[in-house]
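Let me begin by presenting the structure, written as structure tokens, before commenting on it.
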Ligand code: SF4
Ligand code: SF4
């Protein structure tokens, strides 16, 4: 796609990158068919190809022309950033990166409506602070019986998980702790902000599994947020500052560990993309080294064989894993090999509507996507639904009575024998 960059924008690194991405789009429209918002709204401008045209227009007008930015904003805000379109695109268009650049450009030209600005600010203040977020979540869960239905669904009760080797105290992982110094193999396990407060059993489960693989787990002290939240809420400078801080914490530890493990695929995909986001900054080389060591927990656990008591399971693979990290089917494969009965789920490539903060900022569309998703997940009578990202976990549990858990929690809670072999070293 040919773009006539406005002279006032020429020479900007982000604009040059956007132009390169736009050039790779051949307007075929294949992506439209797999876009969840296009499917719901039927408007070309609420599909990837239409949004790409809007972004092209942004680059072709002067920065002081605010009308184009204002007209584009609602359509870009309704994008889930699920990146289903990237998976479908035959030309390899990096739509997610293009959208990030466009959001940065729009934030320079037009402000969202006041209510959205206030909601974004509140989310950015609360969510990256586990103490505050955790306290608010607990309060919400306490008051849940008297809350209106729509609000109650935002504070789901997440079932606790137990199984072989789990701590009886139910405590969450301790920042800076080393859980099993007996092993030579070591990884850093990221705590995340929301997951640490909302679903602490996830990392406890992963500790159990990695211990069985002979891998010791370390945590960062003062881990902080990976920056995804601010970055995707158009506070890109704050997001980049959080990214630099996490790089400063992780980089000195790289030589001591074989991997940095993310158990929330939304955080993992962001850290893997630090080099793109921080291109041209002094920390770019270190960002590349950190990103090169980050793995989703599925990449590590799929190197072992697991034996488990079976369960009938429906899998929701998060978009950040399926489309963002290109790991469609990885959770299902691990569970099937471990002896689980994984039921078919229609439209597994479609987003559940969680999408970071989307379920809060676009509740109507997120609610429709959630209804469709839980209907698809429940269609074959699973005992349990599993996923791999804390946002999807909470969002799905708000829409169904079927217990939802992280797939690693299911694996750890149903373990029978130790892993038979390390496939990587076999
Ligand atoms: S599928 Fe790819 S090349 Fe075709 S319109 Fe969509 S983004 Fe462009
Ligand atoms: S990221 Fe998802 S919602 Fe956005 S255009 Fe692509 S497929 Fe549609």
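Just to be sure I understand the filter: pairs with C-beta atoms under 8 Å, separated by 6 or more residues or on different chains, first member in region 38-56 and outside the structural domain of residue 22 (by TED's automatic domain parsing) and at pLDDT below 95, second member more than 10 Å from ligand 2 (Cβ to nearest atom) and not in a helix (DSSP H, G or I). Which pairs pass?
none
Restricting to region 80-122, give me the number of residues that are within 16 Å of the chain's Cα centre (by Cα) and more than 13 Å from ligand 1 (Cβ to nearest atom).
Residues flagged as within 16 Å of the chain's Cα centre (by Cα) and more than 13 Å from ligand 1 (Cβ to nearest atom) within region 80-122 amount to 4.
Quick check on region 25-38: of everything there that is within 7 Å of ligand 1 (Cβ to nearest atom) and assigned to a loop (DSSP other than H, G, I, E, B), which residue is surrounded by the fewest Cβ atoms within 10 Å (Cβ to Cβ)?
If we take residues in region 25-38 being within 7 Å of ligand 1 (Cβ to nearest atom) and assigned to a loop (DSSP other than H, G, I, E, B), then 27 is surrounded by the fewest Cβ atoms within 10 Å (Cβ to Cβ).
Just one of 312, 288 is surrounded by fewer than 18 Cβ atoms within 10 Å (Cβ to Cβ) and in contact with a strand residue (DSSP E or B) (Cβ under 7 Å, 6 or more places away or on another chain); which is it?
Working: 288 fails: in contact with a strand residue (DSSP E or B) (Cβ under 7 Å, 6 or more places away or on another chain).
Answer to the selection: 312.
If a residue counts only when it is in contact with a helix residue (DSSP H, G or I) (Cβ under 9 Å, 6 or more places away or on another chain) and free of Cβ contacts under 8 Å to residues at least 40 places away in the same chain, which strands (runs of 3 or more DSSP E) contained entirely in region 243-317 have at least 2 such residues? Steps first, please.
Values: elements: 259-262, 294-296, 312-315.
Those strands (runs of 3 or more DSSP E) span 294-296.
The values are calculated or read from the model by the stated rules, or taken from the named source; none is laboratory data. As the structure is a computational prediction, the values presented were derived from the model and not from experiment. Counting neighbours? That spans all protein chains shown, and the Cβs are built from the backbone with ideal geometry, glycine included.
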